[in-house]
There are 2 protein chains.
Amino acid sequence: MSLEKIISQIKPRDQTAMQAAQARQDTLTKPQGSLGRLEALSIQLAGITGRAIPTINEKVIITMAGDHGVVAEGVSAYPQEVTPQMVLNFLTGGAAINVLARHVGARVVIVDMGVASDVPVREGLVVKKIARGTANLAKGPAMTREQGTESILSGVEIVEAEIARGADIIGTGDMGIGNTTPSAAIACALMKQHPKEIAGRGTGVDDEGLKRKIDAIERALNVNQPNANDGLDVLAKVGGFEIGGLAGVMLGAAAHGKPVMVDGFISTAAAMIAVTIAPQCRDYLIAAHRSKERGHGLMLDWLGLNPLLDFDLRLGEGTGAALGISMAEAACKILAEMATFGEAGVSEKDIKDIASS
Amino acid sequence: MSLEKIISQIKPRDQTAMQAAQARQDTLTKPQGSLGRLEALSIQLAGITGRAIPTINEKVIITMAGDHGVVAEGVSAYPQEVTPQMVLNFLTGGAAINVLARHVGARVVIVDMGVASDVPVREGLVVKKIARGTANLAKGPAMTREQGTESILSGVEIVEAEIARGADIIGTGDMGIGNTTPSAAIACALMKQHPKEIAGRGTGVDDEGLKRKIDAIERALNVNQPNANDGLDVLAKVGGFEIGGLAGVMLGAAAHGKPVMVDGFISTAAAMIAVTIAPQCRDYLIAAHRSKERGHGLMLDWLGLNPLLDFDLRLGEGTGAALGISMAEAACKILAEMATFGEAGVSEKDIKDIASS
């Protein structure tokens, strides 16, 4: 499998399906357009899936973990040991993503994309360790270009396996101490923004830590000179393994006509990589929420995505994506299950006469 | 049962339970505060229910229907016959509220508070017909003060029955052709705003219809002179039976320590009546969403409620409340089901040492 092949498989949204979904929305027993974003979402999902009445039954959240050499710069409030500890927490069902995934009826797939230490293999863990953490991007490339490609193709492979098992929608999630730093660096590189405009406090770094983080990103951009026209170059120089993997998940889902519910700051950085590599991928992305992390709103604007929720989340893991998936499912059910004016015996003709009078 | 008795039963939120919920949130395996509004919501629900770890199992949406004499002024895009037609649609499960309630696992209770025509009695319909529609509020009081009290007490009675059946949370919903007009009139009376700032297009009235609507509200305020310090007076003079009923639902739920998920424009007008009658009721209200209807944001500000969702909904029925209930349930599950640092073997001490360094 090659990246070029995957990219070539991503088609524009199906306009015929979208028109059919819009036409059906307009026959349902409600004033036209009165369900706002739920209606728009159902039409988008029709276009993504190529089905006039899309259904979401199987829901999968892919949460990818990786470590980051840049933690040596003191950019995070937490020690690196927390990455494998939280992966174990995911596998035993005690983390926020487990709770919210259960709430919305989604399955969580945990992937070790490059945790620095060994994670005890347990049921539910997919191991695609590209390396034991990235190199320190403040001093040189985070990974080789080959590792960048490998991380993306691993993401494609994982999402293809889930689609083969029946996934109707894919949520993205991340875990990795320090990973708001590469995410902010990616955004700065692609948007030509200063790190001060993008970098935030992540899991809760203090003022000094935030200064170190901004400084590390500045040095990373200077020393690496990532090429904003080359998503793979940006990923390799200032990214992370879980970020590359999530970009691959998005490209793979798009290639197979499946919607992707994009979580917060890290997932959005991955989306920026995916869209730089294959702009048509954007049509398949739904932004679950606007995170509290500083640059996230600008990043969503750059992608042209309007987030569903604004809950001040700043956890990652796919927690926002889980909530967003429930909204997408609701949108599909509205389109599929509501009665039409004809079926319900609500006189459409009267209504139209009056409405246009 | 008297209104005074109900009001006297509404207690402030339980600070001890809120402190316990906050303390537990801070031991769960996530950076403190990183689940944003979900954390705040769980703490609010602890205070409402008086339980350190509140649970939401039984979810009930009470959707109240009524007709409005003011439709004679040409304020709606739809004819009055649509009110009973939609009530039937609710009872047969084909309306948006049925779909979304099923999605979130809520039961819908449909109440005829004052539909102008007869609604065929079917399973699931509660009949509390105060009268066959209100009088035209542009020409005089919509109802008598006694009918206002009766509509509120009917709402109390209905919500008490649902709480006796085990309801843990109550969503509010409405149906009534023309009912954005009394709702806007209530808001104008209580907020001393001009109808132009509050009245919107409702189900989709055109420019001429909107002018008629604003004019009708102006006349209603002039002819009736509602007393902004007397919620019952405002309700009786420019309100509606379903609006009074919903205010009663809110007062009754608050009196029994149950949270209320307030739907859109009409439910918010009802909340304004409830809070004018009993200010302490506000603590029990959660705003599900900011509707597309013009004055809704101002009304939520007046109430001091920050809506959960911003989905451009303008349907009513309880559709936004259904989505909001799912968020409240998610918030409770986070508090109840997440592992603590100790349980998960994630070293809290290391984290705190680093975080405070």
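Residue by residue through segment B:62-81, note down the ones that are among the acidic types (Asp, Glu) and at the interface with chain A (Cβ under 10 Å from one of its Cβ atoms).
Scanning segment B:62-81 gives a single hit, B:Glu81.
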Among the residues listed as B:Gly202, B:Gly171, B:Gly166, the single one being at pLDDT 95 or above and in a loop (DSSP other than H, G, I, E, B): B:Gly166
Of all residues being open to solvent by 10 Å² or more (accessible area, probe 1.4 Å) and touching an Asp or Glu at 6+ places or on another chain (Cβ under 8 Å) in segment B:216-252, which is nearest to A:Lys30 (Cα to Cα)? Just the residue, please. B:Pro226
Filter segment B:17-42 for residues that are open to solvent by less than 20 Å² (accessible area, probe 1.4 Å) and away from every other protein chain (no Cβ under 14 Å); the one that is nearest to B:Ile325 (Cα to Cα) is B:Ala21
Report the residue count in segment A:131-153 for those that are surrounded by 24 or more Cβ atoms within 10 Å (Cβ to Cβ) and in a helix (DSSP H, G or I). 3
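Which residues, taken from segment A:323-348, are open to solvent by less than 10 Å² (accessible area, probe 1.4 Å), modelled with pLDDT of 95 or more and within 8 Å of another protein chain (Cβ to nearest Cβ)? Spell out how you get there, then give the answer.
The initial filter retains those residues of segment A:323-348 that are open to solvent by less than 10 Å² (accessible area, probe 1.4 Å), namely A:323-325, A:327-328, A:330-332, A:334-335, A:338, A:346.
Cutting the leftovers down to modelled with pLDDT of 95 or more gives us A:323-325, A:327-328, A:330-332, A:334-335, A:338.
Scanning segment A:323-348 gives A:Leu323, A:Met327, A:Ala330, A:Ile334, A:Met338.
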Hits in segment A:286-300 - residues which are of a type in the set (A, V, I, L, M, F, W, C) and buried (at least 24 other Cβ atoms within 10 Å of the Cβ): A:Ile286, A:Ala287, A:Ala288, A:Met299
Quick one: is A:Asp14 in the same structural domain as A:Gly264 (by TED's automatic domain parsing) and buried (at least 18 other Cβ atoms within 10 Å of the Cβ)? no
Matching entry among A:Val111, A:Val127, A:Val104 (being open to solvent by 50 Å² or more (accessible area, probe 1.4 Å) and within 23 Å of the chain's Cα centre (by Cα)): A:Val127
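Go through segment A:89-122 and count every residue that is in a loop (DSSP other than H, G, I, E, B), within 15 Å of A:Thr63 (Cβ to Cβ) and touching a residue at least 12 places away in the same chain (Cβ under 8 Å). Write out each step before concluding.
Taking segment A:89-122 and keeping what is in a loop (DSSP other than H, G, I, E, B), we get A:93-95, A:105, A:115-122.
Filter again for within 15 Å of A:Thr63 (Cβ to Cβ), leaving A:93-95, A:115, A:119, A:122.
Now restrict to residues that are touching a residue at least 12 places away in the same chain (Cβ under 8 Å): A:95, A:115, A:119, A:122.
The qualifying residues number 4.
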Name the residue that is nearest to the other protein chains (Cβ to nearest Cβ), counting only residues in segment B:82-100 that are closer than 18 Å to B:Gly245 by Cβ and of a type in the set (A, V, I, L, M, F, W, C). B:Met86
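Being in contact with a His (Cβ under 8 Å, 6 or more places away or on another chain) and either open to solvent by 20 Å² or more (accessible area, probe 1.4 Å) or among the polar types (S, T, N, Q) (or both): is that true of A:Arg201 here?
On the way: in contact with a His (Cβ under 8 Å, 6 or more places away or on another chain): no; either open to solvent by 20 Å² or more (accessible area, probe 1.4 Å) or among the polar types (S, T, N, Q) (or both): yes.
So A:Arg201 does not fit the description; no.
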For residues that are touching a Ser or Thr at 6+ places or on another chain (Cβ under 9 Å) and not in a helix (DSSP H, G or I), scanning just segment A:43-55, find the one that is surrounded by the most Cβ atoms within 10 Å (Cβ to Cβ). A:Pro54
Residues of segment B:1-37 being modelled with pLDDT of 95 or more, assigned to a loop (DSSP other than H, G, I, E, B) and among the hydroxyl-bearing types (Ser, Thr, Tyr), which ones? B:Thr27, B:Thr29, B:Ser34
At least 2 residues that are of a type outside the set (Asp, Glu) and under 24 Å from A:Ser151 (Cα atoms) in each: list the helices (runs of 4 or more DSSP H) lying fully within segment A:256-350 that qualify. A:265-277, A:296-303, A:319-337
Please enumerate the residues belonging to segment B:196-216 that are without any contact (Cβ under 8 Å) to a residue 60 or more places away in the chain and of a type outside the set (D, E, K, R). B:Leu210, B:Ile214
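Kindly provide the set of residues from segment A:176-198 that are surrounded by fewer than 19 Cβ atoms within 10 Å (Cβ to Cβ) and within 22 Å of the chain's Cα centre (by Cα), ordered by number.
A:Met191, A:Lys192, A:Gln193, A:Glu197
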Residues within segment A:272-316 that are among the aromatic types (Phe, Trp, Tyr) and within 27 Å of A:Asn229 (Cβ to Cβ), tallied: 2
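The values are calculated or read from the model by the stated rules, or taken from the named source; none is laboratory data. Remember, it's a predicted structure, so these values are computed and weren't measured experimentally. Reconstructed Cβ throughout: ideal geometry from the backbone, glycine too, with neighbour counts over all protein chains shown. Only protein heavy atoms, including side chains, enter the accessible area calculation; ligands, DNA and RNA are left aside. Shrake-Rupley method; radii C 1.70, N 1.55, O 1.52, S 1.80 Å.
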